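Asker: Dropping the structure in here first, questions after.
The values are calculated or read from the model by the stated rules, or taken from the named source; none is laboratory data. None of the values given here were measured: they were computed from a predicted structure. Here Cβ is always computed from backbone atoms with ideal geometry, including for glycine, and neighbour counts include all displayed protein chains.
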């Protein structure tokens with residue numbers, strides 16, 4: 001019962017914050033020290049920003065399911081951007097974790113949690129789908145097996161709006 005109360009409180013906080021949320025551009029270093037800028041990624045198509053940490057089991061479960069989705073749609077302009085939230089002490093584990101799992105999506109480091117806070121993050125995994133026009137079109141807090149199906153549908157819909165935008169020009 002206590003867990004249910006906590007979940008309900010978190011959901012209430014999440015929904016209250018979600019209405020005030022808007023697009024925030026950012027530049028963060030990737031695992032090789034290169035800058036990655038959200039607005040540059042959005043020029044190609046929709047971006048799913050996923051906040052995660054190496055200590056977060058649901059985050060790792062989600063990443064495992066989103067890797068094939070990234071591969072399936074990346075040539076259509078979609079980017080799955082993993083924004084790591086590990087602190088200074090544990091950030092050294094990030095690169096080896098990504099390499100060990102052969103993940104091919106971009107991973108950036110948000111050690112100060114500034115981007116997580118800018119997007120009103122309150123828990124992980126926390127994902128935000130932004131379309132090419134910089135509209136937040138979907139948000140997800142937490143992960144349970146099967147969520148990837150809904151996320152994939154949202155990605156397909158966001159990709160479809162990209163095609164229809166370009167078709168009308």
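Asker: Under 7 Å by Cβ, and 6 or more places apart or on different chains, what pairs join a residue from region 61-89 that is in contact (Cβ under 8 Å) with a residue 40 or more places away in the chain and on the phi > 0 side of the Ramachandran plot with one that is buried (at least 19 other Cβ atoms within 10 Å of the Cβ) and in a loop (DSSP other than H, G, I, E, B)?
Answerer: Cβ pairs passing all conditions: 77/45.
Asker: A further question on this structure: Being in contact with a helix residue (DSSP H, G or I) (Cβ under 8 Å, 6 or more places away or on another chain) and modelled with pLDDT of 95 or more is the filter here, so list the residues in region 8-30 that pass it. Before you say what the answer is, go through the steps one by one.
Answerer: Our first condition is that a residue be in contact with a helix residue (DSSP H, G or I) (Cβ under 8 Å, 6 or more places away or on another chain); within region 8-30, this holds for 24-28.
Residues satisfying the conditions are 25, 26, 27, 28.
Asker: Given the structure, is residue 148 assigned to a helix (DSSP H, G or I), farther than 19 Å from residue 38 by Cβ and under 11 Å from the mean Cα position of the chain (by Cα)? Can you show your working first?
Answerer: Working: assigned to a helix (DSSP H, G or I): yes; farther than 19 Å from residue 38 by Cβ: yes; under 11 Å from the mean Cα position of the chain (by Cα): no.
When the stated conditions are applied, residue 148 does not pass them.
Asker: While we're looking at this one, here's another question. Could you list all residues from region 68-85 that are surrounded by 20 or more Cβ atoms within 10 Å (Cβ to Cβ) and in contact with a helix residue (DSSP H, G or I) (Cβ under 7 Å, 6 or more places away or on another chain)?
Answerer: We begin by selecting, within region 68-85, every residue surrounded by 20 or more Cβ atoms within 10 Å (Cβ to Cβ); these are 70, 73, 78-85.
The answer is 73, 78, 79, 80, 81, 82, 83, 84, 85.
Asker: Here is a further query. Taking residue 153, is it farther than 19 Å from residue 29 by Cα and out of contact with any strand residue (DSSP E or B) (no Cβ under 9 Å at 6 or more places or on another chain)? Steps first, please.
Answerer: Numbers: farther than 19 Å from residue 29 by Cα: yes; out of contact with any strand residue (DSSP E or B) (no Cβ under 9 Å at 6 or more places or on another chain): yes.
Criteria met by residue 153.
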